[in-house]
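This report refers to the structure that appears directly beneath it.
All of the numbers you see were taken from the coordinates with simple rules; none came from a lab. Just so you know, these numbers come straight off a predicted model, no measurement behind them. Quick reminder, even Gly has a Cβ in these numbers, built from the backbone with ideal geometry, and neighbours come from all protein chains shown.
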Amino acid sequence: MPPQTILVTGSSGLIGSEAVEHFDRQGHDVTGVDNNMRREFFGPQGDTTWNLERLKSATKNFRHHSLDIRDRGALDELFRARRFDLIIHCAAQPSHDKARDIPILDFEVNAVGTLNLLEATRQHCPEAVFLFMSTNKVYGDAPNEIPLKELETRWEYARPEDHHGVSESCRIDRTLHSLFGASKAAADLVAQEYGRYFGMKVGVFRGGCLTGPSHSGVELHGFLSYLVKVALSGGT
Ligand SMILES: NC(=O)c1ccc[n+]([C@@H]2O[C@H](COP(=O)([O-])OP(=O)(O)OC[C@H]3O[C@@H](n4cnc5c(N)ncnc54)[C@H](O)[C@@H]3O)[C@@H](O)[C@H]2O)c1
């Protein structure tokens, strides 16, 4: 594949930084957007500066913009300056519990920020592939209705068709999401709509419980990384 021009949002976060490294290693031209808002959400432990510095020294063709995805003017400028072939959208307010304290900010980043990026893509590079990191929280508590059976040491899905995860046919309405789940469900729907209505190449990925060494883990998000950190440091 010839070198592609790739935009990664949330590029200093867990998933974004892995995407940056992956595509940089393959020789593509990677632009990252991250304004370190994780620090604003979660305090100094959530600061992603260390990961940005690591990326700068580990990559060959990576440039970074400390840009807020809520800022439509700045996004417009970025998309005018570079024509992207692929957009990997990972920037988000990622915590259920945090969203309860900041519902408007959560919605502005997760739902409106995603709409801003989709619209910038439609205006400037509508043929690009747009990948959105959604979440399995769009299903809310509906997966709790999936039948389980009790084994000797654990519970297991009762029906074979559930063994590989929750089906995308699971409903996303009439369910309790948390405000975070609702802002992500709004973004998920609008991303699908840009695919179906405008015929753009949009992919939506509903992951869950992802972790890795590049997480700036805090109690409210990145819990597995946070647990390991606390176990090793003995702190809280
Ligand atoms: N980690 C998981 O378990 C998991 C599971 C399912 C879905 N997801 C989704 O994957 C995506 C990435 O998650 P992550 O775990 O890498 O989170 P993360 O917090 O590590 O990364 C998100 C990054 O986005 C940046 N950001 C936040 N608001 C911004 C803004 N307004 N403008 C620019 N940058 C901003 C943050 O500074 C952070 O570096 C999110 O959409 C999340 O909902 C994550």
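Cβ crowding within 10 Å ranks K137, K60, K184 as K60, K137, K184, fewest other Cβ atoms first.
For region 171-236 and region 34-109, what is the separation of their C-alpha centers, rounded to whole Å? Distance between centres, Cα-based: 14 Å.
What is the dipole size for region 1-50, taken about its Cα centre, with +1 at each Lys and Arg Cβ and -1 at each Asp and Glu Cβ, in debye to the nearest 20? The partial results should precede the final answer.
Working: 3 positive and 7 negative charges, 12 e Å.
Using only the charged Cβ atoms, the result is roughly 60 debye.
Helix-derived [θ] at 222 nm for the chain: sum -39500 (n - 2.57) over DSSP H runs of at least 4, divide by residue count, nearest 500? Write out the running numbers ahead of the final one.
Working: 9 runs with 92 residues, N = 236.
Calculated mean residue ellipticity at 222 nm is -11500 deg cm²/dmol.
Near the amide H of S216, within less than 5 Å, lie the amide hydrogens of L14, all on another chain or at least 5 residues away, with H placed in the peptide plane. Take the convex hull of the alpha carbons in the chain; its mean projected area over all directions comes to 15.0 nm².
Each residue of region 141-153 is assigned a 3J(HN,Hα), and the resulting list reads 9, 4, x, 5, 7, 5, x, 10, 10, 8, 9, 5, 10 Hz, derived from the Karplus form 6.51 cos²θ - 1.76 cosθ + 1.60 (θ = phi - 60°), x at Gly and Pro.
Can you put M200, M133, M1, M37 in order of Cβ neighbours within 10 angstrom, beginning with the fewest? If you can, show how the numbers build up before the last one.
Details: M200 19, M133 26, M1 7, M37 22.
Least to most surrounded, the residues fall as M1, M200, M37, M133.
Total lysine pairs in the chain at Cα distances under 27 Å, for residues eight or more apart or on different chains: 9. Name the residues of region 5-43 whose amide N is less than 14 Å from a point 7 angstrom out from the Cα of R54 along the C-beta direction? Residues 11-22 qualify, since their backbone N sits under 14 Å from the label point. The convex hull of the Cα atoms of region 137-236, projected and averaged over all directions, covers 9.5 nm².
The H on the amide N of I87, modeled in the peptide plane, is under 5 Å from the matching H of L7, V129, F130, L131, each at least 5 residues off or on a different chain.
Phi-derived couplings, Karplus 6.51 cos²θ - 1.76 cosθ + 1.60 at θ = phi - 60°, listed residue by residue for region 52-69: 4, 4, 4, 4, 4, 7, 8, 10, 10, 10, 10, 10, 10, 10, 7, 10, 8, 5 Hz, with x used for Gly and Pro. Along region 167-181 the Karplus relation, 6.51 cos²θ - 1.76 cosθ + 1.60 evaluated at θ = phi - 60°, assigns HN-Hα couplings of 5, 5, 7, 4, 5, 10, 10, 6, 8, 8, 9, 6, 5, 4, x Hz to successive residues, with x for each Gly and Pro.
Taking Cα pairs under 8 Å and at least six residues apart, what relative contact order does region 99-236 come out at, in percent? Please report the intermediate quantities before stating the final value.
On the way: 158 pairs, mean separation 44.7, N = 138.
Relative contact order for region 99-236 comes out at 32 percent.
The charge dipole of region 170-236, taken about its Cα centre with unit charges on the Cβ of Lys, Arg, Asp and Glu (plus for the first two, minus for the last two), comes to roughly 180 debye.
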